[in-house]
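The values are calculated or read from the model by the stated rules, or taken from the named source; none is laboratory data. Remember, it's a predicted structure, so these values are computed and weren't measured experimentally. Every residue, glycine among them, receives a Cβ derived from its backbone with ideal geometry; neighbour counts consider all protein chains shown. Areas reflect the complete protein model, heavy atoms only, side chains present, ligands, DNA and RNA absent. Shrake-Rupley method; radii C 1.70, N 1.55, O 1.52, S 1.80 Å.
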Amino acid sequence: MRWRGGVLDVFLAVCGVVLDVLVTHGHWGGPSAPWWIRALFALLAGLPLGLVRRRPGPVAIYFAGFLVVCDQLGASTTDTLQILLPIAVGVVARERGWRWTAPVAVLAGAATAVNLADPGIAFTQNSWFYSVGIIAFPVLVGRYLRSEKGQGEEDPAPLLDLLLAGGGVAFAVLGTWPFWDSGTPPVWVVGLGAVVAGFALGVVRKHPGAVLLLESVILVVADQYAPRTGSSLQLLALVALGVFSTRASWTWVGAGYLLTCSVTAIVIVDDPADITIVRVVTLMAIVTAPVAIGRYVRARQAEGRQARELSAERLRADRLAERERIARDVHDIVAHHVGAMVLRASAAQYAGATGPAAEALDDIRETGHRVLEDLRGLLTVLRDPERDELARTGPGDVSLDLTLADPDDIMRDAVARMAAAGLRVELSIATEAVAAPLVVRASAARIVQEGLTNVLKHAGSEATAEITVGMEKGAMTVEVRNGPGTARPGETLPSTGQGIAGMRERARALGGRLTAGPVEDGGWRLAASLPLPDPAEGPEAGPECRWTSRSPS
């Protein structure tokens, strides 16, 4: 709640003053009370709300003390303070520990009880329930929000909708229940209307226009048939207008503003003869406050989205620049020397080399051409901006390892290391897979490495694993299958949870796909298909090459 700047604090203070004007309109001290006294009490009640974010404890204590004073003076500002006090207590519960929350809650409950207690009238069970419940509810909400503080893993939207619905119902019911029997409709009808008006705030973020219209209709009906409930329900319409202002264009905001002004005038104005310029300006200013807050929040949200987009664009530009640098280095160093090697071998062939020398030169020339094709594949992945969108940081980063090690050797080395750790591993590599481009074979090798690591982490060191690398319909296929896990609970190795995501994105970077999931026998199967960008010519496929490594018995 520590936003930069004091703009929000000013808005809160203004809202506190506006709330007192709405709640106490025409009731403070009777008709003979001077206007400046009403204005003074409105300022004393509303302005401290601007400090509630920074000094919630002192503000809550002030509200409790001022509530008792206004109750003794018979000022209708007590109704405003009875609304602001739970808000301050809820902020204390969220921002401070129990050493602040407990005494402030007790003090607020005592002040509420003093406000409810009338001379000569017994303090009933309902009064006790009201005085305790109106303070206990914001304390519970505040403590729950404090427990969730700093936990960004869960989506806060459902919780926010729930809190809006609960807060709306609590506010509507607690603010109107003493007047449910003041109109012509049955008590249950008036109560149901108050509950519906409060519960509608639970969907105000998704459908602010519909909620604003609903609140306006309920407000007009309540003013017609249960007039004394209108002041409390008026605040719900203003909240809906504020949320509507954060979503809609200026044209629709203007329409909502005129609608709310009209409804507010119906509720506030009892006699058309009382309409004056001052009252019209005051009413328009009251309705302007939520619109101003809503547009301010909209501007801040737009700034946040723009900052995130700018940061993502800068990160993407940095990645592309780094890839361009790598591409230039690879081209300058490797392509130059390999090209020179191929040209020298071709020149030697044309010079008339025969026998084994001619065969060796032909092999050198063919190998050089193949290296250049592999190099072209690497550079395509490094320099393609669209593929950069698939990149991720951390353990699952889709990187291309420019290594001199043969991918088949990398897979055999991984199997040997896992066999030394106790795994029983069988590796099968099809002979035709040797002809695949280096970039595809390197990705397959890394997938095998990560797959075996996952087997060791989750299935235990005594599990069995089968690895099959083959060619199928213009694509290299990789399958890592293991049997049921042998590790007991608590014996598995820690995992970051990024391994499968990283392998999947490595496959997507080449235009392929990767799937992983349990199999019927209780084990796990990981399968990847990596398409070949340009099928390379190589030796004809011979018998399948199988290499098996098992742990010592």
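Solvent-accessible area of ARG504, probe 1.4 Å, all protein chains present, reported in Å² to the nearest ten, please.
Around 90 Å² of this residue is reachable by solvent.
Counting only protein chains, not ligands or nucleic acids, how are CYS70, CYS15 ordered by accessible area (probe 1.4 Å), most first?
Largest accessible area first, the residues go CYS15, CYS70.
Quick one: plug the Kirkwood hydrodynamic radius of region 184-281 (C-alpha pairs) into Stokes-Einstein at 10 °C, 1.306 mPa s, and report D in µm²/s.
The calculation lands on 114 µm²/s.
Lys and Arg at +1, Asp and Glu at -1: add these up for the other residues within a Cβ distance under 11 Å of THR24 and post the number.
Result for the local shell: -1.
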